[in-house]
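Visitor: Here you go, one structure.
The values are calculated or read from the model by the stated rules, or taken from the named source; none is laboratory data. These numbers were taken from a predicted model, which means no experiment stands behind them. No Cβ is skipped: glycine too gets one built from the backbone with ideal geometry, and neighbour counts run over all protein chains shown.
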Amino acid sequence: MLSIKNLHASIEGTPILRGINLEVKAGEVHAIMGPNGSGKSTLASVLAGREEYEVTEGEVFFQGKELLSLSPEDRAREGVFLAFQYPIEIPGVSTTNFLRTALNQVREYRGQEPLDAVKFLSLMKEKMALVEIDQKLLSRSLNEGFSGGEKKRNEIFQMAMLNPVLSILDETDSGLDIDALRIVSNGVNKLKSDTTATIVVTHYQRLLDYIVPDFVHVLYKGRIVKSGKKELALELEEKGYDWIKEEVDSTATV
Amino acid sequence: MSTLTQHESVLGLFEAAPATFLSLRQLGKESFYAQGMPALKAEEYKFTPLAKKLESGLTDFSPAKPVKISADQVKSAVFTGFEGVVLVFSNGQYLPELSNSTEGLTINLLSEIENTPLGSIAKPDKDPFAALNQATFMDGLHLSIENKKSIESPILLLQFHQAQGGQVISPRIWIEAGDFSKATFIDYHISVDAAPYFVNKVVEIKGGVHANITYHSLQEESNQVIEVSNVVTDIQQDSQFTSTQITLSGDMVRNNLTLNLLGSNSVGNMNGLYLLQGKTHVDNHTNVDHTIPHAESNELYKGILTDQSRGVFNGKIFVRQIAQKTNAFQQNNNILLSEDAIINTKPQLEIWADDVKCSHGCTVGQLDEEALFYLQARGIDKITAKGLLLYAFAGEVLDKIEDDSLRNYIVNQIQNRLGSNF
């Protein structure tokens, strides 16, 4: 489904990603872990199409299409979803309103009829239950005055509405207490299927107790330096990142 | 020195003035000469060089004669869904045959009113253009709302403007709202064609006690139009006055809005929105004078500017020593969408009382790129996303307009523009 080949990206001339290779197949959950500043969020942003990052080398194929040549909106319409680490507050635009515009543009791209108000509302009701979010919250300005947990639940709610093929969760656990973590994870797990895939970007292992990964990759200095099964995450939780840093730095060739 | 600052060009206007209100006109003329056309460095008109603009933009400094307006023109100008009184003007002159009225509203020509109160609220010595209007206006309307009369549907002042040779239009309106009365006015300026002209308007509003007056002004004229508007209002005890100033086009537009809070528990609300493109230059000068204790003023002006347009905002709040317990709030927010758009914004607070709550703030920024990316990342194309964000920004002002037909009309106009990658 997703094939990242030798991806290099920089911001304002500073290289952040220095050759990422990753294959994600349908039905899989991949966790990207790593110390702060290793490039985890950059990878998520580059995949979603954030303009500040310049891709200097490499290719990304998503369902056979050259992802990097698509605009951010077309990536979303193709089925890539980024749950933001810091969801944006937009005064004056309600979640309901904006999501209806978004959903209908996505549907139009996929050659589907736009949803009328009644169908949209019933779809909303169904997905709201998934992340235990209140309708009142959704008629308010997008994320304005929302708590950390409410913002993250809203991200997963939007994910449920847009029904993506590939979901990228960028530090979705940050700012969540244990209850919110459980609710958000439940939502993500219910949305998983054999035809979709999930990339979970996280600093801590905690989230992976709830969203169990098939593969764990450790990102350090812009490269994947270690890959393994879910046990790797537990090892990282126990031993921290220092042993990996040492291992990499001692054999570094650059 | 230009000819205009030497006042020679306006001589034609003085000569053409009708033989009515002789002493009033004389006073206006003297007052105009005493002040002169604002010079380039004049503080009050610093960013808005009107004298220069008039010199280059006007070809004929004489009054524009009324032009024929048809019932169809009126029909197509009235907002869809509008229900209320329509008063039609051609180049400032009232056209009774195209207008209607309602119970509780008395309509007279200014020339029919004895002991005219004109100039008692918009004092000629306060502004040279108000003085020029007082000296040279042709005629105008005197509108009065009966005591204890609440006129629920709005009164639309449909002002058609057209001049062949770049002449001067001097609308003059007096509004008097009785005690315990309520009325909403919509002052709508329309260009019949794209030819240039100069509008120099004065509106005086005298409110009674416990009155509730709303005055919306919508400027949507051709991009050749030079306009100065002076709206001055006296607000009495337990009264509320709300204004909305919407400017969508024009060449150079200057709006002077003055609120005199004269009675305790009076409230003055000033809202404004300017959406500027091309080379349009719009200058909003507001002035609220807290003369008594326990009064409140609220101000929110917002602007979206692109191309080489220019905006000026100057919000003066004057709190006199006696005006304790004043609440005065002011906000001016701007979004600049291009490198060449300019905004000059200045809060001007002069507070002599020591027990007041006053706040002001102004912001100038670009469209929030993070918010734009967020919307795009959900599948919304860039132009729609931009429109959503700008519309949300403007919405805060538009939401304050109670009349649906007016609000919907403006929303439509704005959405048309935002949808075209404004």
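Visitor: Restricting the search to segment A:127-165, which residues are among the aliphatic types (A, V, I, L, M), in contact with a Lys or Arg (Cβ under 6 Å, 6 or more places away or on another chain) and within 13 Å of chain B (Cβ to nearest Cβ)?
Guide: A:ALA160, A:MET161
Visitor: Okay, moving on. Can you name the residue in segment A:89-100 that is more than 10 Å from chain B (Cβ to nearest Cβ) and among the hydroxyl-bearing types (Ser, Thr, Tyr) and is also surrounded by the most Cβ atoms within 10 Å (Cβ to Cβ) among such residues? Working first, answer last.
Guide: Filtering segment A:89-100 for residues more than 10 Å from chain B (Cβ to nearest Cβ) gives A:95-96, A:100.
Restricting the remaining residues to those that are among the hydroxyl-bearing types (Ser, Thr, Tyr) gives A:95-96.
Details: A:THR95: 24, A:THR96: 17.
Taking the candidates together, the pick is A:THR95.
Visitor: Being at pLDDT below 95 and more than 27 Å from A:PHE81 (Cβ to Cβ) is the requirement here; does B:GLY387 meet it?
Guide: No: the conditions fail for B:GLY387.
Visitor: Need pairs with beta-carbon distance below 9 Å; first residue within 23 Å of B:GLY104 (Cβ to Cβ) and within segment B:139-167, second aromatic (Phe, Trp, Tyr) and not in a strand (DSSP E or B); sequence gap 6+ or separate chains.
Guide: As it stands, the answer is B:ASN147/B:PHE180; B:LYS148/B:PHE180; B:LYS149/B:PHE180; B:SER150/B:PHE180; B:SER153/B:PHE82; B:PRO154/B:PHE82; B:LEU156/B:PHE79; B:LEU156/B:PHE82, since those pairs meet every condition given.
Visitor: Every residue in segment B:207-257 that is on the phi > 0 side of the Ramachandran plot and buried (at least 23 other Cβ atoms within 10 Å of the Cβ), please.
Guide: Scanning segment B:207-257 gives a single hit, B:GLY250.
Visitor: So A:ALA180 passes all but one of these: (1) touching a helix residue (DSSP H, G or I) at 6+ places or on another chain (Cβ under 8 Å); (2) in contact (Cβ under 8 Å) with a residue 40 or more places away in the chain. Which condition number does it fail?
Guide: (2) is the only condition that A:ALA180 fails.
Visitor: I'd like the full set of residues that are assigned to a loop (DSSP other than H, G, I, E, B) and not small (Gly, Ala, Ser), limited to segment B:100-132.
Guide: Selection gives B:ASN100, B:THR102, B:GLU103, B:ILE113, B:GLU114, B:ASN115, B:THR116, B:PRO117, B:LEU118, B:ILE121, B:LYS123, B:ASP127.
Visitor: Hey, could you check segment B:398-413 for residues that are surrounded by 21 or more Cβ atoms within 10 Å (Cβ to Cβ) and among the hydrophobic types (A, V, I, L, M, F, W, C) and say which is farthest from the other protein chains (Cβ to nearest Cβ)?
Guide: Filtering first and then ranking leaves B:LEU406.
Visitor: In segment B:193-216, what count of residues is obtained for those that are closer than 21 Å to B:GLY119 by Cβ and assigned to a strand (DSSP E or B)?
Guide: So the answer is 12.
Visitor: Right, something else. Can you confirm whether B:TYR391 is within 13 Å of another protein chain (Cβ to nearest Cβ), out of contact with any Asp or Glu (no Cβ under 7 Å at 6 or more places or on another chain) and surrounded by fewer than 22 Cβ atoms within 10 Å (Cβ to Cβ)?
Guide: On the way: within 13 Å of another protein chain (Cβ to nearest Cβ): yes; out of contact with any Asp or Glu (no Cβ under 7 Å at 6 or more places or on another chain): yes; surrounded by fewer than 22 Cβ atoms within 10 Å (Cβ to Cβ): yes.
Yes.
Visitor: Take the residues of segment A:147-193 that are part of a helix (DSSP H, G or I) and among the charged types (D, E, K, R): which is surrounded by the most Cβ atoms within 10 Å (Cβ to Cβ)?
Guide: A:LYS152
Visitor: Give segment B:17-42 a look and list any residue that's modelled with pLDDT of 90 or more and closer than 17 Å to B:ASN200 by Cβ, or say none. Full working, then the answer.
Guide: Let us first name the residues in segment B:17-42 that are modelled with pLDDT of 90 or more, namely B:17-35.
Those that are modelled with pLDDT of 90 or more and closer than 17 Å to B:ASN200 by Cβ: B:ALA17, B:PRO18, B:PHE21, B:LEU24, B:ARG25, B:LEU27, B:GLY28, B:LYS29, B:SER31, B:PHE32, B:TYR33, B:GLN35.
Visitor: Mind listing just one residue for me: the one in segment A:104-127 that is in a helix (DSSP H, G or I) and in contact with a helix residue (DSSP H, G or I) (Cβ under 6 Å, 6 or more places away or on another chain) and, of those, nearest to B:LEU390 (Cα to Cα)?
Guide: Here the residue is A:VAL106.
Visitor: Would you call B:LYS75 without any contact (Cβ under 8 Å) to a residue 40 or more places away in the chain and in a helix (DSSP H, G or I)?
Guide: Details: without any contact (Cβ under 8 Å) to a residue 40 or more places away in the chain: yes; in a helix (DSSP H, G or I): yes.
For B:LYS75, the condition - without any contact (Cβ under 8 Å) to a residue 40 or more places away in the chain and in a helix (DSSP H, G or I) - is met.
Visitor: Between A:VAL60, A:VAL29, which is out of contact with any helix residue (DSSP H, G or I) (no Cβ under 8 Å at 6 or more places or on another chain), surrounded by 15 or more Cβ atoms within 10 Å (Cβ to Cβ) and over 18 Å from A:GLN85 (Cβ atoms)?
Guide: Unique residue meeting the criteria: A:VAL29.
Visitor: Read through the list (1) over 16 Å from the mean Cα position of the chain (by Cα); (2) within 17 Å of A:ALA48 (Cβ to Cβ), then give the number of the only condition that A:LYS136 fails.
Guide: (2)
Visitor: Being charged (D, E, K, R) and outside any strand (DSSP E or B) is the filter here, so list the residues in segment B:269-289 that pass it.
Guide: The first filter runs over segment B:269-289 and keeps only residues charged (D, E, K, R), leaving B:279, B:283, B:289.
Selection gives B:LYS279 alone.
Visitor: Could you look through segment B:119-149, keep only residues that are in contact with a helix residue (DSSP H, G or I) (Cβ under 6 Å, 6 or more places away or on another chain) and small (Gly, Ala, Ser), and pick out the one that is nearest to B:PRO96 (Cα to Cα)? Outline the logic, then answer.
Guide: In the first step, residues of segment B:119-149 are kept if they are in contact with a helix residue (DSSP H, G or I) (Cβ under 6 Å, 6 or more places away or on another chain); the result is B:119, B:122, B:124-125, B:128, B:130-132, B:134-136, B:139-140, B:142.
Narrowing the set further to residues that are small (Gly, Ala, Ser) leaves B:119, B:122, B:130-131, B:135, B:140.
Values: B:GLY119: 24, B:ALA122: 26, B:ALA130: 26, B:ALA131: 27, B:ALA135: 25, B:GLY140: 12 Å.
Of everything passing the filter in segment B:119-149, B:GLY140 is nearest to B:PRO96 (Cα to Cα).
Visitor: Still on this model: Could you please find all residues in segment B:53-81 being under 23 Å from the mean Cα position of the chain (by Cα) and charged (D, E, K, R)?
Guide: B:LYS53, B:GLU55, B:LYS65
Visitor: With A:ILE168, A:ILE211 as the choices, which residue is under 24 Å from A:GLY39 (Cβ atoms), within 16 Å of the chain's Cα centre (by Cα) and at pLDDT 95 or above?
Guide: Exactly one residue qualifies, and that residue is A:ILE168.
Visitor: What number of residues in segment A:101-126 are within 14 Å of chain B (Cβ to nearest Cβ) and either hydrophobic (A, V, I, L, M, F, W, C) or surrounded by 19 or more Cβ atoms within 10 Å (Cβ to Cβ) (or both)?
Guide: Total satisfying the criteria: 6.
Visitor: From the list B:GLU97, B:GLU55, exactly one residue is at pLDDT below 95 and in a helix (DSSP H, G or I). Which is it?
Guide: B:GLU55
Visitor: If you take the residues in segment A:57-88 that are within 8 Å of chain B (Cβ to nearest Cβ), touching a strand residue (DSSP E or B) at 6+ places or on another chain (Cβ under 8 Å) and part of a loop (DSSP other than H, G, I, E, B), which one is modelled with the highest pLDDT?
Guide: That would be A:PHE84.
Visitor: Can you name every one of the strands (runs of 3 or more DSSP E) wholly within segment B:133-192 that holds 1 or more residues which are of a type in the set (Gly, Ala, Ser)?
Guide: Numbers: elements: B:141-145, B:155-161, B:172-177, B:182-191.
Counting at least 1 such residues, we get B:141-145, B:172-177, B:182-191.
Visitor: Let me confirm something: among A:LEU137, A:LEU130, which residue is assigned to a helix (DSSP H, G or I) and closer than 19 Å to B:TYR374 by Cβ? Quick ask: steps written out before the conclusion?
Guide: Details: A:LEU130 fails: closer than 19 Å to B:TYR374 by Cβ.
Only one candidate qualifies: A:LEU137.
Visitor: Continuing with the same structure: Report whether or not A:GLU78 is charged (D, E, K, R) and out of contact with any Gly (no Cβ under 6 Å at 6 or more places or on another chain).
Guide: Details: charged (D, E, K, R): yes; out of contact with any Gly (no Cβ under 6 Å at 6 or more places or on another chain): yes.
Judged against the criteria, A:GLU78 is a match.
Visitor: Moving on to the next point. Quick check on this structure: which one of B:SER338, B:SER309 is out of contact with any Asp or Glu (no Cβ under 8 Å at 6 or more places or on another chain) and at negative phi?
Guide: That would be B:SER309, the only listed residue that is out of contact with any Asp or Glu (no Cβ under 8 Å at 6 or more places or on another chain) and at negative phi.
Visitor: In addition: Where residues in segment A:43-56 are within 14 Å of chain B (Cβ to nearest Cβ) and in a helix (DSSP H, G or I), which of them is surrounded by the most Cβ atoms within 10 Å (Cβ to Cβ)?
Guide: It comes out as A:VAL46.
Visitor: Being without any contact (Cβ under 8 Å) to a residue 40 or more places away in the chain and farther than 24 Å from A:VAL165 by Cα is the filter; apply it to segment A:13-54 and report the residue that is farthest from the chain's Cα centre (by Cα).
Guide: Among those residues, the one meeting the criterion is A:GLY13.
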